[in-house]
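What follows draws every value from the coordinates through simple rules; no lab data is involved. Since we're looking at a predicted model, the values are computed, not measured. Cβ: placed from backbone, ideal geometry, glycine included. Neighbour counts: every protein chain shown.
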Amino acid sequence: MLKQRIITALILAPIALGGFFLLSGSAFALFIGAVVTLGAWEWARLAGFEAQPVRVAYASAVAVLLFVLYQVPALAPVVLLVGVGWWLTATFLVVNFPESSRYWAGTPIKLVIGLLILLPAWQGLVLIKQWPLANWLIFAVMILVWGADIGAYFSGRAFGKRKLAPKVSPGKSWEGVFGGLLTCLLIAVGVGVYRGWSGGEFLLGLLGVTLVVMVSVVGDLTESMFKRQAGLKDSSNLLPGHGGVLDRIDSLTAAIPLFTVLLWGAGWGSL
């Protein structure tokens, strides 16, 4: 299994990094759109569809919506704010699982939730790519998610005692969350010192990092919640040793919309 994971990572890493950082404009939007479309194909399975024609139809519908959003950029603020609103709602659903499943157990609502998860993430990345320091900002949100994940893994293994959401993901602990958050805050402090942030910028930066890291945790737990309700271990087997696309980007789908809105509020770009 470990060998399989390493081989898959060695193949995918150059493709992913090249797509994120070397492409721009419509090529970048298409690359991210392809990833999101694959995620939509997987999400249809989480929503209860096993038949390939239905899953392909849902993925195709998502691809069409992405094309519409690309052609009508004025919709971006609505898409992102709706996305942030969804993740606030998802926090409530995760905290109250399994009782909360009565609100979203139906297939139609799960298909809509798939749109709320996938479309804002695509929209956020496409917008960030157009702003100053675009690649550095995309790298920053990835570092926050990866840093939170790595910090949570090691601190959880060393100190984890209090379960974070035992009915959703029994392996996660509050100690892991705080360890991941501390890791990201230290990274932010280092960036702030390097860039010469003022006291106010430090305060806002650390607050923003805290919000993004916490919502990334919700993103991870949300996919776990839907997989548990569907009785699935992975969203698919597209990535040998790693599960599916959604298993790799669940935290990012939550972090990106909020990260984008916070950057916009800080004056990095326009919506």
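Could you list the trypsin sites (Lys or Arg not before Pro) in region 217-266 that lie in coil according to DSSP, counting only those with at most 16 other Cβ atoms within 10 Å of their Cβ? Sites meeting the loop and neighbour criteria: K233.
Pairs of Cα atoms nearer than 8 Å and 6+ residues apart set the relative contact order; for the chain it is 25 percent.
Of all the options S251, S101, S236, the one that moves most in a Gaussian network model of the chain with Cα springs shorter than 10 angstrom is S101.
In terms of its C-alpha gyration tensor, region 1-114 has an oblate overall shape, because the principal axis ratio a/c (a ≥ b ≥ c, square roots of the eigenvalues) is not below 1.5 and a/b does not outweigh b/c.
Averaged over residues, the count of other Cβ atoms within 10 Å places the peptides 130-136, 38-44, 75-81, 142-148 in the sequence 38-44, 142-148, 75-81, 130-136, highest first.
Only helical runs count toward this figure. For the chain, summing -39,500 (n - 2.57) over DSSP H runs of n ≥ 4 and dividing by all residues gives -26500 deg cm²/dmol at 222 nm.
The simple Förster model, with R0 at 30 Å and r as the Cβ-Cβ distance, assigns V64 and K167 a FRET efficiency of 0.25. When +1 charges are put on Lys and Arg Cβ atoms and -1 charges on Asp and Glu Cβ atoms, the dipole computed for the chain relative to its Cα centre reaches about 520 debye.
Seen from Y58, the other residues with C-beta closer than 15 Å to its C-beta sum to a net charge of +1, counting Lys and Arg as +1 and Asp and Glu as -1.
Let me know the shape class of the chain, please: from the alpha-carbon gyration tensor, a ≥ b ≥ c as square roots of the eigenvalues, rounded when a/c is under 1.5, otherwise prolate if a/b is greater than b/c, or oblate. Rounded. The simple Förster model, with R0 at 51 Å and r as the Cβ-Cβ distance, assigns L133 and V54 a FRET efficiency of 0.80. Seen through its C-alpha gyration tensor, with square-root eigenvalues sorted a ≥ b ≥ c, region 168-218 comes out prolate because a/c lies at 1.5 or above while a/b is bigger than b/c. Taking 7 Å steps out from each Cα toward its Cβ at F202 and L30 produces label points 4.7 nm apart.
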